[in-house]
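Below is one structure, written out as structure tokens; the observations come after it.
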Amino acid sequence: YTGAVEVGGTADVRELPGLRITKVATNPFNNNCYLLRCTATGDTLLVDAAGDAPVLLALLGDDPLVGIVETHGHWDHVQALVEVVEATGAPVLATEGDAADLPVAPTRLLSDGDVVTVGQAHLTAITIVGHTPGSIALLYAADPAEPHLFSGDSLFPGGPGNTEDDPLRFGTLMDDLDRKVFGPLPDATWVYPGHGADTTLGAERPSLGEWRERGW
């Protein structure tokens, strides 16, 4: 597994204890979508129905889609949401802060620390305010020494998500990343962002001061 995917290309698959991660790039802005499949039951969770619904549904196959977590409500992350919900009947999970921006009303509102169950696998919601008022990340920590974080657009290789030059939003985003992500989680934490390549907390941690200084 490399995490290097591109629109129109093949998905990349990673096998973890208890969970299979399928990463695929979709339109409209080279968005990453992640299908998280419990290896014991086949139950599957979709992280961001960003685009290309036929591609997502083909990757799902006959396995049950038990939920769709929208990491935030920006339009480029929800373009396939209506079609996937209509095809599968899957519930939509998001935070209250971004619920109004979704084209489908969430079935479940997530708060910090809530557990999302996928078959026998469990992921924990981490709210991260700044890129949007209700951005959320999902943490899979079956092995606490090597967790896996689906960060949406809150954290990328090289920096935090876009806060549109708003110093208050930037400060809130950095504070949440420091307190809820870099503080408690180890360097080995693998980060799966909403666009582009994967990274690890260890690769990004040395740059935290630089990010604060530059302000974006």
*Can you name the strands (runs of 3 or more DSSP E) wholly within the range 95-168 that have at least 2 residues being farther than 27 Å from Arg214 by Cα and touching a Gly at 6+ places or on another chain (Cβ under 8 Å)?*
115-118, 121-127
*Can you tell me which residues in the range 95-123 are in contact with a strand residue (DSSP E or B) (Cβ under 7 Å, 6 or more places away or on another chain), open to solvent by less than 50 Å² (accessible area, probe 1.4 Å) and under 12 Å from Val69 (Cβ atoms)?*
Thr95, Leu102, Pro106, Leu110, Asp114, Val116, Val118, Leu123
*Please go through the range 19-51 and pick out each residue that is closer than 15 Å to His195 by Cα, outside any strand (DSSP E or B) and not polar (S, T, N, Q).*
Pro28, Phe29, Asp48, Ala49, Ala50, Gly51
*Of everything in the range 172-212 that's over 12 Å from Gly159 (Cα atoms) and among the small types (Gly, Ala, Ser), which residue is least open to solvent (accessible area, probe 1.4 Å)?*
Gly194
*Return yes when Ala142 is small (Gly, Ala, Ser), out of contact with any Asp or Glu (no Cβ under 7 Å at 6 or more places or on another chain) and touching a residue at least 60 places away in the same chain (Cβ under 8 Å) and no when it is not.*
yes
*asked:* Given the condition in a strand (DSSP E or B), of a type outside the set (Asp, Glu) and free of Cβ contacts under 8 Å to residues at least 40 places away in the same chain, answer yes or no: does some residue in the range 192-202 qualify?
replied: yes
*asked:* Scan the range 31-40 and tell me whether some residue there is in contact (Cβ under 8 Å) with a residue 60 or more places away in the chain, on the phi < 0 side of the Ramachandran plot, among the basic types (Lys, Arg) and open to solvent by less than 10 Å² (accessible area, probe 1.4 Å).
replied: no
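The values are calculated or read from the model by the stated rules, or taken from the named source; none is laboratory data. All of these numbers come straight from a predicted model, not from anything done at the bench. All Cβ positions, glycine included, derive from the backbone under ideal geometry; neighbour counts span all protein chains shown. Accessible surface is based on the protein model in full, side chains and every heavy atom, while ligands, DNA and RNA are left aside. Shrake-Rupley method; radii C 1.70, N 1.55, O 1.52, S 1.80 Å.
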